[in-house]
Amino acid sequence: MCCRLLLLLLLLSGITSCSGDSELTVLLQLKSSMIGTAGGGSNGLSDWKDSSSSHCSFSGVTCDEDGEVVSLDVSYQNLTGSLPPEIGILSSLVNLAVAGNGLTGTIPLEMANLTSLKLLNLSNNGFSGEFPGEIVRSMTQLEVLDVYNNNLTGQLPDGIATNLVNLKHLHLGGNYFSGEIPESYSEFPKLEYLALSGNSLSGQVPASLARLKKLRELYLGYFNTFSGGIPPEFGLLTELQVLDMATCNLTGELPASLGRLSNLCACFLQMNHLTGNIPTEFSMLSDLSMLDLSLNNLTGGIPESFSQLKNMTLLNLFVNSLGGRIPKSIGDMPNLRLFQIWQNNFTSELPENLGRNGKLEVVDVSFNRLTGTVPENLCQGMKLKSLVLMNNLFSGPIPEQLGGCESLRRIRIQSNFLNGTIPAGIFNLPELTLVDMTQNEFSGELPKEMSGKILGMLALSGNSITGRIPAATGNLQNLQILSLDRNRFNNQLPEEIFNLRSLSKINISGNNIDGGIPPEISNCTSLISLDFSRNNLSGEIPRGMDQLKDLNHLDLSENQLTGGVPSEMQYMSSLTSLNLSGNKLSGRVPNSGQLLMFDESSYAGNSGLCFSYNGTCSSQKAKANAIENAGHKTTTCFSTLKLVIIVLSLCYQLVQCW
Amino acid sequence: MAATAASALSLWSLFFAALALPAAFGNSEGDALYTLRRSLSDPDNVLQSWDPTLVNPCTWFHITCNQDNRVTRVDLGNSNLSGHLVPELGKLEHLQYLELYKNNLHGTIPAELGNLKNLISLDLYNNNITGTIPSSLGKLKSLVFLRINDNQLTGPIPRELGGVSSLKVVFEHNPRLEGPELLGLASYDTNCS
């Protein structure tokens, strides 16, 4: 410390009347330090050279009429060195910005000499050590101090407020500061922006911060772990527009006094341990656009008077213990775009007018106890992207209008009591990727036309849908998951389904499908899981199943399949689960390759099947029924131990390596 | 300057809000899978649906969950992926099937996979995986399939694998893998015709 001050004095004493020359020297020293060991590389300081032209023309450098450097902005110049003590020599500096580089090391104490600074921006670097509060105490002109996103540790700098009478913007967030917020931070007379978020701060949030009369934005959340709650005094911060105290361990209730913040636009208090009700006084927040109280332990209901919140665009109340009915007036909010209240105890109906404002984009009311019908006009503005109603008690049909909602991307309405026919248009929506209507009371038939180009998942299990599975399902080119199980589908399986290149999982079990399994099934090479069980399928298991190299799970049980077990199934190298039970298969079960993995439970209830290992295949008839694949002999002996290690060519390899 | 910093910060707050959400549920499973996504190169956009702002990964394609929204299957075989595995995969405690075969994965098999106590199938075959087979895989008492053939694995086959009674191991075409014999496991598939 002493040595560095001495160095500074020496350097300062080196300043002669030719201040311009020594400033050039300083800038070149700065360049060398800031570039660091990375060497030349690509950085914006390539024009900082010791030549005849003035240092005032260096990029990022601005001088005053006396040729002294007043502004230095080398932000985002790919500098990975450090800030040297020589910075303190540029005592005329008004603006100093080195943001967005990879600068490391500590903040030099010599910066205390920069008493004319109005703006100091060290953000988005890797500065470490403590923030030396003493350097700013003499920067009485300072208006902006930004050290966001560095590696600073220790306590927040204290005793700086009374000197920094002009400070408007203070950002100490995104570091590793610990300890408490100093009470003295309530004394900045002109502070408009205070961010301490993303640190390791603890202790109580000082109520005295309410004295910051001009404060417009306050960020205290994210990774801080405060004790206590939101000071009710914060209701006095009448200029406040943004209050962000999310994810910082707050307890206690929402102060009613916050209702006085008539300029409040965004209020983020999610992911804390807040309890109690949402104060009705919040309805007075006429400018409020975004309110997020999610992931707390709030109880009670949404105040009826929330209808007054004409500017509300985002309302997030999910994962709380809220209940009661959703006020009808929520449906009248003219600007509501995102409405997420999932995982609460809300009852009764959704507001009838929800969506009539033409702006609704996301609705998630899942995991409540909502009843009644789906409001008709949810997609009035063609902006609805996500409709999530799952796990409620909704009844009635899906409104036809949703079949024309071209903005829809996700429909998740499973586990309700919805009925009627699914609007045909849904299967043509251009943006739709996921449809889950599992476990409802849908009936009627699926449409004959389907063109949803990017639909990836179609899940309609557990309904009462009838008719044939449309061949048009084969037009859903991006379909990966098709779940039609436990419905009343009849007629035959359309072979067009097996043209789907991306289809990985198909489940049509528990229906009345008859006819045979189309041989085209072996073209569907992305298949991982296939369940056709519990239908009326007849005919034989198609040849070529070994082309389904990725098939893991195959269930054809409880059908009327005849013929034998094709021996090529032994080459289905990914098969880990096989169920052919409850059919009319006959002949010898091949007992080699992958089929060695499966015991008799995979084949139970097929009286005509016989097994080599227990002698049931001794009869002539059994041999005649056995299917043999042309090029392969059936094995007649095999390991009886459970454990099988296949070492096919390893011995060969070992020999080659040695 | 202050204004742009302010609006940048509001954006960051919303970003943090979105990031913070999955963590609340201890949705470490989504985070772990997203860490995998970030270490993979995915030219066919197979992982396009892997949206980390969703509450859990259960609606991501190629992911299967159980009733409790815990991941049971990762199906990414034959997906033109390159890059490497990540130790975070070991956090998927209910994972039963890890299917990453026929890609272009390099790097090593993380020892953390030994934490996947429900794993039934580990298929890494046909990749470019190097290093040794971690002995921690011997902890996987439910493992039935360990298919690691056609890689560049080296070193010995851990004897700990002998303690997994249901195990079927396939590891040919790893030219530098040593010693196929596992103590206590005797049988070879013979063609006695």
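The values are calculated or read from the model by the stated rules, or taken from the named source; none is laboratory data. Because the structure is predicted, anything quoted here is derived from the model rather than measured. With ideal geometry, Cβ positions are generated from the backbone for all residues, glycine too; neighbour counts draw on all protein chains shown.
Brief remarks follow.
- Segments classed as strands (runs of 3 or more DSSP E), wholly inside segment B:139-193, with at least 1 members that are closer than 18 Å to B:ILE129 by Cβ and at pLDDT 80 or above: B:145-147, B:154-156
- Residue match in segment A:104-124 (condition: of a type outside the set (Phe, Trp, Tyr), closer than 25 Å to A:GLY221 by Cα and part of a helix (DSSP H, G or I)): no
- Residue within segment B:55-76 that is surrounded by 21 or more Cβ atoms within 10 Å (Cβ to Cβ) and touching a residue at least 40 places away in the same chain (Cβ under 8 Å) present: yes
- The lone criterion from (1) at pLDDT below 95; (2) not in a loop (DSSP other than H, G, I, E, B); (3) not acidic (Asp, Glu) left unmet by B:LEU105 is number (1).
- Any hit, segment A:567-582, residues being assigned to a helix (DSSP H, G or I), under 30 Å from B:LEU98 (Cβ atoms) and aliphatic (A, V, I, L, M): yes
- Residue within segment A:511-530 that is within 14 Å of another protein chain (Cβ to nearest Cβ), at pLDDT 95 or above, in a strand (DSSP E or B) and closer than 27 Å to A:GLN439 by Cα present: yes
- Per the listing A:SER464, A:SER502, the residue uniquely in a loop (DSSP other than H, G, I, E, B), modelled with pLDDT of 95 or more, surrounded by fewer than 19 Cβ atoms within 10 Å (Cβ to Cβ) and among the hydroxyl-bearing types (Ser, Thr, Tyr) is A:SER464.
- Residues satisfying the stated conditions in segment A:116-141, i.e. closer than 15 Å to A:TYR176 by Cα and more than 14 Å from chain B (Cβ to nearest Cβ): A:ASN125, A:GLY126, A:PHE127, A:SER128, A:GLY129, A:GLU130, A:PHE131, A:PRO132
- Residue count for segment A:583-605, restricted to those that are touching a residue at least 24 places away in the same chain (Cβ under 8 Å), in a loop (DSSP other than H, G, I, E, B) and charged (D, E, K, R): 1.
- Picking from residues in segment A:409-459 that are assigned to a strand (DSSP E or B) and of a type in the set (A, V, I, L, M), the one that is farthest from the other protein chains (Cβ to nearest Cβ) is A:LEU418.
- Candidates A:LYS190, A:LYS213, filtered to the one that is surrounded by fewer than 24 Cβ atoms within 10 Å (Cβ to Cβ), farther than 20 Å from A:PRO132 by Cβ and in contact with a Lys or Arg (Cβ under 6 Å, 6 or more places away or on another chain): A:LYS190
- Single residue of B:LEU105, B:LEU85, B:LEU100 found to be within 14 Å of chain A (Cβ to nearest Cβ), buried (at least 17 other Cβ atoms within 10 Å of the Cβ) and touching a Leu at 6+ places or on another chain (Cβ under 7 Å): B:LEU100
- Any chance A:LYS49 is among the basic types (Lys, Arg), more than 21 Å from A:LEU117 (Cβ to Cβ) and either at pLDDT 90 or above or within 51 Å of the chain's Cα centre (by Cα) (or both): yes
- Screening segment A:257-297 for residues that are within 14 Å of another protein chain (Cβ to nearest Cβ) and surrounded by fewer than 17 Cβ atoms within 10 Å (Cβ to Cβ) and picking the one that is nearest to A:ILE326 (Cα to Cα) gives A:ASN297.
- Summed over segment A:348-380, residues that are outside any strand (DSSP E or B) and either over 16 Å from A:MET312 (Cβ atoms) or among the β-branched types (Val, Ile, Thr) (or both) total 17.
- Test set (1) among the β-branched types (Val, Ile, Thr); (2) within 11 Å of another protein chain (Cβ to nearest Cβ); (3) in contact with a helix residue (DSSP H, G or I) (Cβ under 7 Å, 6 or more places away or on another chain) - B:THR35 fails condition number: (2)
- Residue in segment A:336-350 that is in contact with a Leu (Cβ under 6 Å, 6 or more places away or on another chain) and of a type in the set (Gly, Ala, Ser) present: no
- Check on A:GLU86, over 29 Å from A:THR37 (Cα atoms) and not in a loop (DSSP other than H, G, I, E, B): no
- Filtered residue count, segment B:49-66, keeping only those that are within 12 Å of another protein chain (Cβ to nearest Cβ) and over 22 Å from B:LEU124 (Cα atoms): 7
- Counted residues, segment B:76-96 - those being modelled with pLDDT of 95 or more, of a type outside the set (S, T, N, Q) and under 21 Å from B:GLN48 (Cβ atoms): 9
- Exactly one residue out of A:ARG211, A:ARG260 is free of Cβ contacts under 8 Å to residues at least 40 places away in the same chain, within 18 Å of A:SER289 (Cα to Cα) and basic (Lys, Arg): that is A:ARG260.
- For segment A:173-184, a tally of residues being aromatic (Phe, Trp, Tyr) and surrounded by fewer than 23 Cβ atoms within 10 Å (Cβ to Cβ) returns 1.
- Among the strands (runs of 3 or more DSSP E) confined to segment A:255-338, the ones with at least 1 residues that are of a type in the set (Asp, Glu) are located at A:290-292.
- Failed condition for A:THR473, given (1) over 30 Å from A:ASN416 (Cα atoms); (2) in a helix (DSSP H, G or I): (1)
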